[in-house]
Amino acid sequence: TSWMTRETYAVAIFYPALLADLVWPTPQLHLLLSLVALCFLFCQARILYAAKGVPAWRVDLIPTMLLMAGLFEGVALLGIGAGIWFDTFRGSTFFISICGLILTLCNAWLWQRYVKKASHSGLPPLARAELRKITPTLRIVGHLLPLVFFVLAIVFNPVFFLVAGIASIVGGFIWKYTLITRASYLQGFALPKMPQRGSGDRAAPARVGGFQSS
């Protein structure tokens, strides 16, 4: 019943369906792949949130942030494809741009809320310092550049999709890498009951204030 196990179930359906869709492409398989991929992304978004011992991961915004980041990076990959193979994506460029702009704003807003509520959410000072450290870079690379270049791609030249897509993916890597490796400080734990070996005259001395009594 863990989210990692459920993620495995999604993968077990995804790859056979992908192979079948490559051999016999049909709209039904396209839809199945999309739904299973969304289930996979949802499971990934819940895995971190389920790790209650890490304050930076158990914030209520984390599942939504990871979902939006996954969708954002998917659109970024489409943008890179549109920048390289424009003729193939000719009818989809406007849709890619609009989705890219909406998801850029959503991700920027979610990050702003996450950092602003970090102290109230129980993140330790060292974790908050790591988030503050990357925020200026993330704002420029992961939010501002995609916003500008998605607009330039639709107004001027589709080659700008390349910059927008790469910047979006790099921005996602920056904050997720920091969240998972740099800001993942563990919460302290408490033992409400201390074990005591033996019984009667052979029992271990009772612990008082963390030390054994004489």
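Run down F161, F156, F149, F173 and say which single residue is without any contact (Cβ under 8 Å) to a residue 24 or more places away in the chain, open to solvent by less than 60 Å² (accessible area, probe 1.4 Å), out of contact with any strand residue (DSSP E or B) (no Cβ under 8 Å at 6 or more places or on another chain) and under 20 Å from I102 (Cα atoms).
Within the list F161, F156, F149, F173, the selection yields F149.
Mind listing just one residue for me: the one in segment 64-88 that is surrounded by 22 or more Cβ atoms within 10 Å (Cβ to Cβ) and modelled with pLDDT under 95 and, of those, nearest to A37 (Cα to Cα)?
Per the stated criteria, the residue is G79.
Residues being over 18 Å from the mean Cα position of the chain (by Cα), among the hydroxyl-bearing types (S, T, Y) and open to solvent by less than 10 Å² (accessible area, probe 1.4 Å): count how many of those fall in segment 89-105.
Residues flagged as over 18 Å from the mean Cα position of the chain (by Cα), among the hydroxyl-bearing types (S, T, Y) and open to solvent by less than 10 Å² (accessible area, probe 1.4 Å) within segment 89-105 amount to 1.
Using beta carbons and a limit of 8 Å, which pairs, at least six apart or on different chains, have the first residue in segment 23-48 and closer than 18 Å to V59 by Cα and the second one among the β-branched types (V, I, T)?
A45/I62; A45/T64; L48/V54; L48/I62; L48/I180
Filter segment 172-199 for residues that are out of contact with any Lys or Arg (no Cβ under 9 Å at 6 or more places or on another chain), at pLDDT 65 or above and either at positive phi or part of a helix (DSSP H, G or I) (or both) and give the result.
G172, F173, I174, W175, K176, Y177, L179, I180, T181
The values are calculated or read from the model by the stated rules, or taken from the named source; none is laboratory data. Remember, predicted model here, so these are calculated numbers, not experimental data. When we count neighbours, we look across all protein chains shown, and the Cβ atoms used for this are built from the backbone with ideal geometry, even at glycine. Keep in mind that these areas ignore ligands, DNA and RNA; they rest on the heavy atoms of the full protein, side chains included. Shrake-Rupley method; radii C 1.70, N 1.55, O 1.52, S 1.80 Å.
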